[in-house]
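Undergrad: Submitted below is the structure of interest, expressed as structure tokens.
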Amino acid sequence: GIVAGNNRGECIIWLQEGQQRFTKEITQALTYRPNLDAWIRKIFYNKPYFLIVSQMGLYQLQIGKKPVQIFPQYYGFKVAAPIDDSTYWLGTHGHLFICRFRQQRYTVGIVYAGKRITAIAPVSDHECYVGSNDGLYHWLNGKMRKVHLSGYVGSQKVHALARDARGWIWVAYGGDSLLAFQHDAIKLLMKTGEHFPGDIIKCLLADGEMLWVGTNNCLGKIQLDVSSPPKVRTTFFSVLDGLAGEQVNDIQRYGQYLYVATSDGVSYFPKSFTIAARDIPVYIMNMYTSRHQLADLEKPITLSYRENYIRFDLSAVDYSGLPEIWFRYRLNNHHWVFSRNPVINLYELPPGRYTLSVQAIRRDGMPSAKIATVSFEIRAPFFVKPLFWFAMVLAVLGVSAYMLWRIYRRKHRQRLMQLEQQRKITELEMQMLRAQINPHFIFNTLNAIKQMMYEHEVDQANHYLDQFSSLLRANLYTHQDDIISLEQELLYVEQYLTLEKLRFGDQFDYEIHTDESINMSSVQVPAMMLQPVVENAIKHGIRKQKHVRGKIYILVQMQGSCCQIHILDNGPGFQPLTATAGGKGLEITRKRAEWHGLQFSLSRIVWQDQLFTAAIFQIPLSHTQIVCQPSSVVTS
């Protein structure tokens, strides 16, 4: 016989008469209280008892006797799935149970708490897959983990689960979405709504390698060929084929018969039962634009660019009992679009040539071999033709180029004015610096000569006076030229150091090293560029040394594509060490170097195992000419 449960907590028992006839015999209720949610979810048979899984709890039923509640706590069971003929997984609003029938009695135990269970796919008594309102989970040996499946299921509600003979787990989620996977590898993805009626999957039954799908509109069958790529064959049965009701709530197979519980009764039929799928001829009846109705679609059709909203009316005839005919269509060679509506609307089509192809979908979900087509062209407006845009681009480029040239010219003039003004200011500051150098230096030099004469050091005073006159002569010559050779600049600096050395005596030593590969007369530098730095090294570096003999080194060498000049002193350095440290002289030097395209910086470096303050000039290769010359070293 057959035992079925409804949403009022009633068990209806039919006994078999003959081979295929059943007679309604007994109705036994779990409760007679009205307005109580007593929905019976599953019924399992363990001779001589039936296990009733309901919203009110678990009951043991024996035909002819009153149902007995075997699990007194009210948990509200939602789903149940058998592991074998005596072991079952059970799910409630927040718990996962396992139930065993041993020695004519049932035992129930909680294995997990914390999830609302909506579907279960058993693997064994210590492993199963669990569907919930927020996705799919895997329970194994007491641990629950979420199954991500590349984000396809995500946090969507899982409606049903099934495990087939291949070991694939089928997941129904998000309405009509169906997914199959094994070992977290996705095997198949499909939308059942594209193959048979129904937008919500209610239940699944894996029958070997075949899958039965119950929706809110029909019973669907899926057969899969796992060759690469996989091929899916589908068919379905609806109320027009004799199904008791549209919504399928449960599916069971016993022997060669399939039993289907619907909202309007129970149907059963041989599982091999099928209905032949025949081709469905389809026709494009009419074509509408915003201006015309076209009935003769065999002639060439040319439309204006304003007629880019188009509607097509379709027609198809089928006598196999389909509740409705589905279509699929595509423009040119784009992807197929499925539609239940015999009207196709195309919006805002761009200019071009188009071919619309339409097919009807057969009962087995495959498109009919017969295809209806219509070709048409939408003319392009003049303002989208290549010649028009070519002319527009040329005009825009011309105007843009002219405007950019005007902007560049104005900014270039402003920049030249600023640079000229800055150059004049820098030159004035340099002249002021030169004018300031002479009084201080001349005063100190004359005092030194006067002191030597008092001490009767006539020879040294004469030598000092000769050096001083040479320095004044060099200063007079370089005063007239803005750019001089590096050779002249080093000679001037050497004369200056010689006088400072005579004045300060043994307080410091100096050395000038030049690279033999550099022709000093071919390297051009601004006049008096090095002297303010050397003076600053003596004034702020050497003179602050109380117990250490001062040292000044001038190094000229090639570094890549630049001629580098290092002025080193073993003074205490500047804090902070910047190009503006040390007074007005270094700031003017920095500006002059920037104006002439040179780089000037201050740093602390280690040279010959000693720490020095280094003023570094970098002269680009365009200022120099590399020739072979012997190196020279001037020491004192």
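The values are calculated or read from the model by the stated rules, or taken from the named source; none is laboratory data. The structure presented is a predicted model; accordingly, all values stated were derived computationally and were not measured. Using ideal geometry, Cβ is built from the backbone for each residue, glycine included, and neighbour counts are taken over all protein chains shown. Side chains are part of the model used for accessible areas, which takes the heavy atoms of the whole protein and leaves out ligands, DNA and RNA. Shrake-Rupley method; radii C 1.70, N 1.55, O 1.52, S 1.80 Å.
Undergrad: Using the crude model of +1 on Lys and Arg Cβ and -1 on Asp and Glu Cβ, and no other charge, please compute the dipole size for the range 142-278 relative to its Cα centre, in debye to 20. Write out the running numbers ahead of the final one.
TA: Values: 15 positive and 12 negative charges, 99 e Å.
That gives the range 142-278 a dipole magnitude of about 480 debye.
Undergrad: Could you do me a favour and compute the accessible area per residue for the chain, 1.4 Å probe, result in Å²?
TA: Counting only protein heavy atoms, the per-residue value for the chain is 53 Å².
Undergrad: I'd like to compare 562-568, 540-546, 394-400: which one has the highest average count of other Cβ atoms within 10 Å, and what's the full order after that?
TA: 562-568, 540-546, 394-400
Undergrad: At a 1.4 Å probe radius, carbon and sulfur cover how many percent of the accessible area of the chain?
TA: On the way: 17550 of 33790 Å².
Carbon and sulfur together cover 52 percent of it.
Undergrad: Please report the accessible area of L490 (heavy atoms, 1.4 Å probe, ligands and nucleic acids excluded) in Å², nearest 10.
TA: L490 has an accessible surface of roughly 10 Å² with all protein chains in place.
Undergrad: Compute the relative contact order of the range 147-306 as a whole-number percentage, counting only Cα pairs closer than 8 Å that sit 6 or more residues apart in sequence.
TA: 12 percent
Undergrad: Please report the orientation-averaged projected area of the range 29-156, defined via the convex hull of its C-alpha atoms, in nm². Walk me through the intermediate numbers first.
TA: Details: hull surface 33.6 nm².
Over every viewing direction, the Cα hull of the range 29-156 projects on average to 8.4 nm².
Undergrad: Return P(r) of the range 345-423 (all Cα-Cα pairs; 10 Å bins starting at 0; whole %; ordered from short to long distances).
TA: All Cα pairs considered, the percentages come to 13, 18, 17, 13, 12, 10, 8, 5, 3, 0.
Undergrad: Sticking with this structure for a sec: So the label point goes 7 Å from the Cα of Q293 along Cα→C-beta, right? Which residues of the range 309-336 then have their backbone N under 20 Å from it?
TA: 309-316
Undergrad: By average Cβ neighbour count within 10 Å, what is the ranking of 110-116, 409-415, 191-197 from highest down?
TA: Packing proxy ranking, top to bottom: 191-197, 110-116, 409-415.
Undergrad: Quick one, which of [x] 16, 35, 24, 16, 8, 1, 0; [y] 15, 29, 17, 15, 13, 8, 3, 0; [z] 14, 25, 12, 12, 20, 14, 3, 0 is the actual P(r) over Cα pairs in 20 Å bins from 0, in percent calculated for this model?
TA: Given [x] 16, 35, 24, 16, 8, 1, 0; [y] 15, 29, 17, 15, 13, 8, 3, 0; [z] 14, 25, 12, 12, 20, 14, 3, 0, the structure-derived one carries the label [z].
Undergrad: Kindly flag which residue pairs out of K78/K202; K501/K551; K157/K191; K202/K231; K115/K143 have an alpha-carbon separation exceeding 19 Å in this structure. Can you show the working numbers first?
TA: On the way: K78/K202 13 Å; K501/K551 11 Å; K157/K191 16 Å; K202/K231 24 Å; K115/K143 13 Å.
With Cα atoms farther than 19 Å apart: K202/K231.
Undergrad: On to the next question. If Lys and Arg each add +1 and Asp and Glu each add -1, what is the summed charge of the other residues whose beta carbon sits under 15 Å from the beta carbon of N308? Let's see the in-between values first.
TA: Numbers: positive: R291, R306, R311, R353, R379; negative: E307, E348, E377.
Result for the local shell: +2.
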